[in-house]
Each structure stands twice: as C-alpha cells, then as structure tokens.
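The values are calculated or read from the model by the stated rules, or taken from the named source; none is laboratory data. Note that the structure is predicted; figures quoted are calculated from it, not measured. Here the Cβ is made from the backbone with ideal geometry for all residues, glycine too, and neighbour counts use every protein chain on show.
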C-alpha cells in the first residue's frame, strides 16, 4: 500500500478569505469529498511551529526528543556528511563595514560569486576540529564543525538585524566553550579570506556590495535517530527542493533523490516533482512531497500569489500523482497567513484520503470546512499512527 | 442515581456504510436525540486497543499503569481466585503429533470431553507452586500458578501457528526463570495425563483429533488495584458472557453474577442479559453490560451480521433496560471494521444520555453523526470523570 504525504508549506491562513478557501482546486475537492478532514496543530495547540520541528513531528519524531537545532537539518539538506555529535550552523554571506557593523544580512540578495566564496571557506582545520562549508540557495549555506567535544550550547554570530555589530559567539553552558571559540576563529579567518577574494573584487567592479562576512545561526548537534524504515517498516522518500526539508527527511533516513527544477521557491517546476514522484513511488511505500512556494508567498504578504500556488499544486501535482497512492494526506506544516507574514499557531486544514475512511461533510480542503471535519483537531505526531493503522502495521496495545 | 455503561464490542466501522449507520435502532436514536455524542479513542489517538486494555480504560484504570498481561484477566473471568503476585496464562487445548509439532491449535474446535480433560489437569503442585486450571469456552481455558517468586517475564509455549513444534517457555528476564521452569514441567506432565485420559480415547473413537497438549500464552501477573467502589464510591456490576470482560470487571472489584445464556458469541441470549440487568440494578449504582457479538461479526468480515447484532441490541436490550437508568452511556471498546477484520485505531461513536446534558445535533449513534458531536473526541479515561460529575461525586480541583 502506497502513501503520499503532500505538504504545502505554511498553507494555513487567517481570516474569512483564505488561500485554500479561494483557490480553485477540483482535484483536492474530489479527495476531500470522499476523504476525512480535520485541523492539524503540528506541534500541539498554541505552539508556533518552525518548519524543521514541524516536519519532524509530521514524520512521527517528537521534536521535544529529537530537535537539536536547525543547523543540523540544513547541513544535511546541503548534502554534508554528519557524524554523531558534529555541530552545524545555518549561514548567510552578508556585508559588514570596516567596524564589523552589519550593513546587509544577505549581501544585496545578489548571488554573484557566492559559490566561489563559500568554496573558499571549505576544509579549514582548527586543532582537532574540521570545518566544512557548503553553499545552498541565494546567500545561504551550511557550516559544519566535526570533531571531539563540540556542543550546540553557543550563541549566534548573526545579530539578525542591520546596523548592529557582528556578534562574538559565546557559550551558554560550559560545554559550549570550545565550539564558540572555534566558531569565532573561523568567522575571523573567513572575513580575511572573503575580503581578499577575487569574487568579491568582481562584485565590487559590477557595483555589488561585498559578501565579506559569514553570519552563523541555529547551532544544532547531530544524534542519529531510529530510521523511518526501522520505526515503521515503510520505505520513505522525499521529493523536495528546499534544503531544510531534504535535511529533515535525510535525518530520519528517507531517500532524498535530487529533483532538478525543484527550487523551493514560487517558481519551482512542479512537473519535475511530478516526474520524480512517479519514479519514486515504484520502490517506496511512503512518498513525502514538499512545496515551499505557499509559505514564501505568505511571508511576502502576497495572498494572490499564495492562492495561485495552491491552484498550481492542485493542477500540476495533485491531478497527476494522487492516483498513484492508496493513502493520500494533504496538509501544511504550519500557517503563514499573508495578513501576518510569519508563521502562526493557527491549525492547518488536513485531508486524509483512503477508500475506506469515514467520509465527513467537508467537500473542500480549506479552513472553514475542515474545522468541523471528522478527524477533529489532531497533532503532527498523530499522522503516522493513522497511516500505520490503515496500512495494517500498527501494533495493538493489549489483546 | 443509576448509570448504565453498555459496550458493543468492536462496534466502530470504517467506510461510508457502517453497521451503526445502517442498523435500524429506534431506541438508541431516541437517546441520541436528547443526549450528547462524540468520538471515543479508548486508549488515545492512533492506538489500536486490545479488549483488555480498553476495558481497563473505560473503567477509569490507566492500562499503562494497570495492564499486566491478559492471562490475569482471563483467569479472573474463569472464576479462579488470584492472590497478589500470582501468574496466570491463557490456554488452548490443542493437538500435537508424536514429535510435538502442533497440528491443530484448537483440537479441531470440537469441545467433546474438554471439560473432563481440563479438570484432569487441575490442582497439581510443583515444589511450592500450586497449579489451578479451568476450562472457559470452546478449546480455551486459564492456567494459574500460585506461590512465591513468580513472574510474567516468560515466553509462551503456544507457537501461534501449526506445523511448528510446541515451544519451551523461557525467561525474558532473570526473575522469570522459576515460572518458565514450572510452566515447562506442567506442560510436560499435562501431555502425559492428556494422552492417557479416557476422554481422549472417547474422542478418538468418535473420529475427533486428540486434545493432547496445553498451549499457554499471555502471561500476566496480578497486582490488586484499588477497587471500583473505593475509587468512585459507586457499587459496580458486570453483565457479560465473555470471560475476558468478566475478568476485567472482577479485577476492578465489580460484582460479576453468572448470566446463563450469555455466551459471548453472536447467538447470546440478550433476554437473559436484560433479566440480569433488571436484577442487578436494584442493588448497584453502575451497571456495565457487555455484548461481544458485534466484534465477532467484525472479525469474520460479516457486515450484515454485525448490523443485525446492533439491531438486536437495540431491540432486545436497550429497549428494555435504558429506562432503568438516569445515565446511559453506549459505545464500543474499539473498532473492528468488517472491511479490516481486525481491531483498528478508528475512534468509536459514543452516546452519553442524561436528562440534563447539552443535546447536540446528532440524531443517531453512528460514525457520521457523532464525529461532530458535542463531546468532541474523548479518551477512555474521560468516561468515569463524566459519570462522577453527573452523579455529583467529582472532586473539585481548587476551591
């Protein structure tokens, strides 16, 4: 039995007119009419979910147990090899002035030369700690510290605002001291390398701001969890563009094929994702498909674009792939209402389709219809239990 | 104030057409129209309930705390007297060949002579451990080990399939060694007794397979819990046919009168149960009535029979007994959809009737109407709290 988990990132909205409510979605409607619906609180009522913690919960891994900071997932998603107790950060290449005051956290959002600049920082060594750096998308990257005695108990160097000086990392517990010290040494040496690098000279010649500082945040330590396949006896695969989602999937041991054209933006190629799903479903039981564009549009406050993304997902993805599965689950990892431009704790409509569920009155996957759906209000950790019960792999408690 | 808890075992179904949805149930409908309804997850969302654990939860005893294996409940149900830290097993009389390979786990499902054979194994002694054996229904029975130093940390002798050799019990923790050794000695001596017993000679003469082995499973150790009456200040009574349910009720200290004709099968005498309820309600506050047939029909995949059982329960039981109570609760201990033929984690419709509840829109006790009922989604442990609140015996938290 094949299961599809389709996540429209941040798809929930606030207000009377929501993206899901406004969008024309004939294929999702058809599933909703014969499926059962409800409202999903990914991390529980009133908790504003991060994308990483939410995905752990959706996969059935309690983030209270497994979440060790976003850096580890980002590093995974970037394709870095993490060993037990390595520590990773999310990075931006940004711009500082001569006093180390941040003038642009994203180096003008211009990617020119960033590949070369990130590459120039890779493979450093500080004592017994090895450093790996990898460019992901736009100004973003991942920074991995590998060696003994590391800890995620350190503060960020990224001040998260402009006009403020680059921060020195500090230990927030004694075990973080080595890591903070190495992060500071790395940041300093990186600045020296970046300042002199030809790619930055080229940027200056073309009138771009210099990408002359590494801003690090989200320290995460890696512990190897029980794999998705060990836990559920289901072979899982992830079809996504965004590094974070691929990282979360790889963290639980799903296969994560490369999907050219899946960019994790609103211009992602959903046809490429469709083709990837068609390939992946052949030798996997559980296919996780992630589309980021809905969330991006929500953060930008662009309700029309968000609505269009939902319509594209229905027409270009759901229309083609739903028929390949016996179980289809469609929901989001949190709400990102265009009216709020940020993640909110509002629950997300969820649809669970299988030809033997108890259909409810909801005829559409949207806030107003699913809020009285037959599933009621559920949490992220409930989803895999539902799947296991329907695929016949749930364990009975008692006899 | 008198409370009725009527459990239709495994009554929940999947799909558009459920047994409760299809059945003609005028008396339940009447209660549903003026009562409040909801969906019951006996052990919590996504947990597939066993019958034993579910009944503990329905009675307000958390199975995570109280569940110590099914053998103890089965032994109780069979009427054996258990002392603190006795260990009990569920047994089959089965058939093995000369190499001790199991050829039939149920001795041809023929009860001829099984009463005598079970009786022949009763009252053995191995050192300081006394053995009691009791026949229950069909090929099934209970085996009780009573004495010091016993443990449920032992494996079954029942291989749970044919064509496989009778297993030797083994300790799964050091404290199980004595119990495993005694179970093996008993099994060996039982085989010798059974082989030579006149009842088996009679079975052979009539062309039946020999019932020549005791297959034991489900070791359970007994700890005496706080009684139902101590816990709730309510005098409870159980009207049931199946040994397991009587055992669970006796475990929590309910009275368990014998109900001749209540068989725990689809041919049970519901008139006899009605009469038993009419007697029991006189001197009890809380009457638990269990009907097994709905679950049996679900396991057999027989949707029509399951629907008929619901109709019989409505006509022969609810019609006569509901009026004797101020509070009437009707639900199941789990779902056993005929489409799945096994227990599932799907929640079960529940009806709570009292003349002062807040009636909801549900006009029937069925999946599609109760999924939006006024109780919402509740768990087994919620039920007794609801009862205590309505009978005025709930304790306030705070002042």
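Within segment B:142-166, how many residues are crowded, with 22+ Cβ neighbours inside 10 Å and assigned to a loop (DSSP other than H, G, I, E, B)?
4
Only residues that are more than 8 Å from chain B (Cβ to nearest Cβ), over 20 Å from residue A:10 (Cα atoms) and surrounded by fewer than 24 Cβ atoms within 10 Å (Cβ to Cβ): list them for segment A:358-382, please.
Answer for segment A:358-382, where residues must be more than 8 Å from chain B (Cβ to nearest Cβ), over 20 Å from residue A:10 (Cα atoms) and surrounded by fewer than 24 Cβ atoms within 10 Å (Cβ to Cβ): just A:363.
Which residue, of B:315, B:323, B:341, is within 14 Å of another protein chain (Cβ to nearest Cβ) and either surrounded by fewer than 20 Cβ atoms within 10 Å (Cβ to Cβ) or free of Cβ contacts under 8 Å to residues at least 40 places away in the same chain (or both)?
Residue meeting the stated conditions: B:341.
Does residue A:336 satisfy being away from chain B (no Cβ under 14 Å) and either touching a helix residue (DSSP H, G or I) at 6+ places or on another chain (Cβ under 6 Å) or closer than 30 Å to residue B:64 by Cα (or both)?
So residue A:336 fits the description; yes.
Could you list, in sequence order, all residues of segment B:171-188 that are in contact with a strand residue (DSSP E or B) (Cβ under 7 Å, 6 or more places away or on another chain) and either on the phi > 0 side of the Ramachandran plot or surrounded by fewer than 19 Cβ atoms within 10 Å (Cβ to Cβ) (or both)?
B:171, B:172, B:177, B:185
Within the group A:215, A:194, which residue is assigned to a strand (DSSP E or B) and at pLDDT 95 or above?
Every option except A:215 fails the conditions.
Looking at segment A:383-399, which of its residues are within 7 Å of chain B (Cβ to nearest Cβ), modelled with pLDDT of 95 or more and over 15 Å from residue B:14 (Cβ atoms)?
Correct list: A:385 only.
Run down A:268, A:344, A:331 and say which single residue is modelled with pLDDT under 95 and touching a strand residue (DSSP E or B) at 6+ places or on another chain (Cβ under 9 Å).
Testing whether each residue is modelled with pLDDT under 95 and touching a strand residue (DSSP E or B) at 6+ places or on another chain (Cβ under 9 Å) leaves just A:268.
Run residue A:305 past the list (1) touching a strand residue (DSSP E or B) at 6+ places or on another chain (Cβ under 7 Å); (2) more than 28 Å from residue B:374 (Cβ to Cβ) and report the number of the one that doesn't hold.
Unmet for residue A:305, out of (1) touching a strand residue (DSSP E or B) at 6+ places or on another chain (Cβ under 7 Å); (2) more than 28 Å from residue B:374 (Cβ to Cβ): (1).
Checking residue A:294 against (1) crowded, with 24+ Cβ neighbours inside 10 Å; (2) not in a helix (DSSP H, G or I), which test does it fail?
With (1) crowded, with 24+ Cβ neighbours inside 10 Å; (2) not in a helix (DSSP H, G or I) applied to residue A:294, the lone miss is (2).
For the structure I just gave you, tell me whether residue A:176 is touching a helix residue (DSSP H, G or I) at 6+ places or on another chain (Cβ under 8 Å) and either without any contact (Cβ under 8 Å) to a residue 60 or more places away in the chain or part of a helix (DSSP H, G or I) (or both).
no
Within segment A:197-212, can you find the residues that are closer than 18 Å to residue A:133 by Cβ and not in a loop (DSSP other than H, G, I, E, B)?
Within segment A:197-212, A:198, A:199, A:200 qualify.
Quick one: is residue A:117 in a strand (DSSP E or B), touching a helix residue (DSSP H, G or I) at 6+ places or on another chain (Cβ under 6 Å) and farther than 16 Å from residue A:220 by Cβ?
no
Within segment A:223-251, how many residues are farther than 19 Å from residue A:85 by Cα and outside any helix (DSSP H, G or I)?
So the answer is 10.
Mind listing whichever residues of segment A:348-357 are touching a helix residue (DSSP H, G or I) at 6+ places or on another chain (Cβ under 6 Å) and facing chain B (nearest Cβ under 9 Å)?
A:354
Please verify whether residue B:122 is assigned to a loop (DSSP other than H, G, I, E, B), under 26 Å from the mean Cα position of the chain (by Cα) and crowded, with 22+ Cβ neighbours inside 10 Å, treating the condition exactly as stated.
no
What is the number of the single condition among (1) modelled with pLDDT of 95 or more; (2) farther than 26 Å from residue B:246 by Cα; (3) in contact with a strand residue (DSSP E or B) (Cβ under 8 Å, 6 or more places away or on another chain) that residue B:161 does not meet?
The single condition residue B:161 does not satisfy is (1).
Kindly indicate whether residue B:94 is touching a strand residue (DSSP E or B) at 6+ places or on another chain (Cβ under 6 Å), surrounded by 22 or more Cβ atoms within 10 Å (Cβ to Cβ), at pLDDT 95 or above and closer than 20 Å to residue B:135 by Cβ.
Yes, satisfied.
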